[in-house]
Each structure stands twice: as C-alpha cells, then as structure tokens.
Amino acid sequence: MKPNPNNVNLATAIDLSKLSDATVRDQLREAVGGKLTNTHFVAPQIISSMLRLSDCTVMFLAALISAFRYPGFESRVDTMVFLSMAVFAATVLPIMLGAFSLYRLESLLMPAKVMFRILVAWAMLFAVLVAGLFLFKEATNVSRLWLVTWAFAGFAIFLTYRFFVAAILRHLNLNGQFNRRAVIVGGGEPASKVIANLQSHEETGISLVGYFDDRDDHRSLAEAHGVHNLGSIDDLIDFSRATRIDCIIITLPVTAEDRLLQILNRLWVLPVDIRLSAYGQKIRYRPRAYSYIGNLPCLDMFDRPLGEWGPLLKATMDKVFASLGIIAFSPILAAVALAVKLDSKGPILFKQKRFGFNNELIQIYKFRSMRIDAADIDASKLVTKSDPRVTRVGRFIRRTSLDELPQFFNVLKGDLSLVGPRPHATKAKAADSLYENVVDGYFARHKVKPGITGWAQINGWRGETDTAEKIERRVEHDLYYIENWSLALDLYIMARTPLALLNTNNAY
C-alpha cells in the first residue's frame, strides 16, 4: 500500500516519551491540537477558479508584451485581428488546460510534473489559432514571425508564472489549508478498513487527524495504520471547538440505527461535514445516493453551512458593507458617543464576551446603555421594561438599536457577520435557565458567524427573551437561516431590518 502524502496523520510526529504526567490520550489529543494551526480551509475549487481567471489575464498580457516587443508590429499585424486573437486565446486557454486536468490541486502544486501536458495544451491552442487565421482568410494580416514569437515567449512567461504560483500555493498549504482535516468516529475493523482505504488513494483531499471511539480500550485499539485514538465522542466535540476540523467520517454500520442517532444527535451542532461511510456495507443504494472521498463511498448526513464559496462571498460582502456603514453612519456614531459621555460617567463603549462561531468567545462592542456601577458583564439578568440600570440615553439607543452600531467594527475584525444569528451573552437566561438548557441543539446556531441582524430579528423575535418560547422561536428562525442561506437572503434581511426596528415592543 502506498500512503497518500496528503493523508499524513499529524499525531505520528509526536514523541510520546516527552509527554507530561496526564493520561496519554489526553496528552496526545492536546499535542495534536497544538500542531494544527487554526487556518481556514480553502476549497481547491476556489483556487482553481481563481487560477482560471488569472490564466486568462496572463495570456492576454503575454500577447500584449509580444506585440510591444516586436519591431514594426503596427505595420505588420492588423489591430482588430490581433485583439480578436488575444481575447480568443485568453478565453480558450483555461478550457484547454482544464481538459488536461491542469487545474487539479496536485497539478497546481507541482507544475514540473505536468510540464509536458501544459506544453501540449499550449501547442493545441496555437494550432487552433493558426487554423482560424486560414479559415477566416486573415493569414496575410498577421506576421508569422510575431505569431511564433508570441507562442514561444508567451509559453516562457506562462510557465514562469505557473512556477511562481505553485511556490505560493505550496507555502500556503504547509498547514494543510487546501486539505480538509478529517477525523474518524468508530473503531475496530470497520474504522481500520476505512483508514486503509483513504491512505491508499492519492487524491482524497483529506488529512486524517485521528479517530474517536466511545468503546473501552479492550475493544478499541490505540492506533490503526498510524492513526491514533484521540478519545471519546465527547472529547471530539471539545477537540473540534479547539482546532479546525472540516469533516467527520462515521464508520458504524447503517443497521446500528439507535447508536447512529445518538452520535448524530451529539455531533450535528458542529460546523462540519458529517459523512457515514458505506465502505463494506451490505445494504446497497442507488449510485446517486453516494458521495465519494477518494474512492470511499459515503452517505451525506450533514453538510457544513454556506458551502465552499459561501464563506468567501459572505466575508467579502461583510467587509464592503461594514466599511460603507461606518462611513455612512459616522455622524450618528459621533453623536451617540457624545450623548453617552455627557449622560453618565463611564466609558463610551461596553465590551462583552459572547458566543461566536463554533462556540468561540468573542468580544462584542456596543455603546454603553447602563450605569457603570450596574453593568452586567455576563447578562445574567436580562434588561426589562423601565429597568433602573438603564440610563436615559441608554433607553433611547436600545429601543432604536443605535447601541449596536459599533458592531460594524466587529464585522471588520471578522468576529461578526452583517447577517446571522444574534450573539448571546454567556450567562443569558430564559425562564431562569441558561439558553442551552432550554433549547435542544441550541449550539447549532453557532455553525455560522453571528450577525448584527438576522432572520429572527426581522420576524419579530428581537429584544427580551424572558420565556422559553421566545428563545425557542429565535433559535428556530436561526436554524432556518443557516439551512437556507444565500446572498439574496442576506440582502433581503438587511433591507427588511430598518422596518423591523420600528417594532420596539420587546426592546428595552
């Protein structure tokens, strides 16, 4: 069996003899987590799409450079013919390269290994150009020497550019940024077979981190094919909160329905892809029912929210609109800051820890609306109507949500999105119980970044959450947003937000 270099198990680099006095499994889990930097996963499809656009640009520039460097170009080459050829070449080149699988990640990382295929694609493109010149009877309007110069000089420019891009991509991929980090759930022979299958395939796009198994040590091995047992499923939840995990592969048989439901009930709140391995299963489904990791057949249980392009598109929109919002609302920001300062002693801004993406603690900015001596950092007591802790200016800015405006800066920092589930304070309660104790699956709302506004807010579920029903309806709307996200939905929510703010019934 030839192991896939992209499937390197990061735990194998750890010297167990140097670990401290805690249990080996705890130490191993901590050591593995420490070696996994929390870089964001970038889907190879995004890289290849960007490279296609970049290749178009380089091809067009190569045509321009060859034209400017060729003596007497203007007198020997018709300008319209040249522009037509340059645009055609820039458009068709990515198609040619794609036909030779030159946008796959391994081809982008190692251009020396695919140089011959690049040369063949390039030669075919220029063969099509020459054929087009004769077909449209434009050969007399183009210098053959210039065309040869463009072909050879352009290839040199393109190849140099591809090697430069490869060096950048290899540097970015040092921490596996273009590979999905995966863990196995389950042990014994099924898990061992799945691990062996993944390691035998060269193009899985997966880096195996370890596996987790609830069974005792007598039935679950410490490692399988160099992949270490990192603990129980409860340990997996904590582990995925502490470091980046992109995919969970469950190796239990589909016939173990009750056990599968128990596991999925615990794992679905995580912002990851959850796949059920169908490798070796006796039950067979239609081919369309399966997705594949390498050649490992899987059944899709849950998908990571927003898909592959969603996070990039959403982050871009957030940065653009937040910057425009700060500029547009700068007079109001200044006026509210002055009013808060003149109304009562204390800082202008109130900073509070709240739950963010994947249960990370983030610090939220708001204009201070309460007396400094009555500040409730953890929000253990909800603000109620005519609450004496709220200042005069505070009542107005809370009712109109002007106290939320500094959160545009949270969006620029990357802690918040413009649209998403509202971030809740760590000790917030409904009916005298913490939110997570009131609503099953409460933490599933943290599968995406929290937002300044959201689907729940524009549907009337903003403000005080003093009853179980209010927080249940809010979470219900948050989960609907996550499952049905689109840029159009975000724009719709932002457009509806000013109208929703007119409803101040629950805003105190």
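Taken together, the values in this text are just the output of simple stated rules run on the coordinates, not laboratory data. Predicted model only: the values in this text are computed from it and were never measured. Note: ideal-geometry Cβ built from the backbone for every residue, glycine included; neighbour counts use all protein chains shown.
Were the residues from residue 496 through residue 268 laid out at 0.36 nm apart, the gain over their Cα-Cα distance would be 79.1 nm. Oblate is the label for region 312-355. Its Cα gyration tensor axes, ordered a ≥ b ≥ c, give a/c of at least 1.5 and b/c at or above a/b.
How would region 310-500 be classified by its alpha-carbon gyration tensor: rounded, prolate or oblate, with rounded meaning a/c under 1.5 and the a/b versus b/c comparison settling the rest? Judged from the Cα gyration tensor, region 310-500 comes out oblate (a/c at least 1.5, b/c at or above a/b). Any idea what the relative contact order of region 236-336 is, in percent, if you count C-alpha pairs under 8 Å spaced at least 6 apart? It comes to 23 percent, rounded to a whole number.
For a Förster distance of 30 Å, can you work out the FRET efficiency between the beta-carbons of residue 91 and residue 319, rounded to the nearest 0.05? Here the calculated transfer efficiency is 0.50. Taking each residue as 0.36 nm, the span from residue 281 to residue 79 lengthens on full extension beyond its C-alpha to C-alpha distance by 66.3 nm.
Residues of region 307-342 with an amide N closer than 17 Å to a point placed 7 Å from the Cα of residue 53 along the Cα-to-Cβ direction: 308-321.
Placing pseudo-labels 7 Å out from each Cα toward the beta carbon at residue 400 and residue 433 gives an inter-label distance of 3.9 nm. Calculated FRET efficiency, residue 261 and residue 148, Cβ-Cβ r, R0 45 Å, to nearest 0.05? Between residue 261 and residue 148 the formula returns 0.10. Can you give the local net charge around residue 114? Use residues other than it whose beta-carbon is closer than 13 angstrom to its beta-carbon, Lys and Arg +1, Asp and Glu -1. Net charge in that neighbourhood comes out at +3. Beta bridges assigned by DSSP with both partners in the chain are antiparallel in approximately 55 percent of cases. For residue 203 and residue 480, the FRET efficiency from 1/(1 + (r/R0)^6), where r spans their Cβ atoms and R0 equals 35 Å, is about 0.45. Helix 24-35 and the longest principal axis of the C-alpha atoms of the chain enclose an angle of approximately 60°. So what's the angle, to the nearest 10 degrees on a 0 to 90 scale, between helix 115-135 and the longest Cα principal axis of the chain? Its long axis makes an angle of about 60 degrees. Any idea what angle helix 487-500 forms with the longest principal axis of the chain, computed on alpha-carbon atoms, 0 to 90 degrees, nearest 10? Around 30 degrees separate the two axes.
Inter-part distance, region 214-275 to region 380-439, computed on C-alpha centroids, equals 35 Å. Structural descriptor for the chain: relative contact order 12 percent, calculated from alpha carbon pairs under 8 angstrom and at least 6 residues apart.
Taking 7 Å steps out from each Cα toward its Cβ at residue 242 and residue 467 produces label points 4.2 nm apart.
May I ask for the distance between the Cα centers of region 87-115 and region 302-339, given as a whole number of Å? Each part reduced to its Cα centre gives a spacing of 36 Å.
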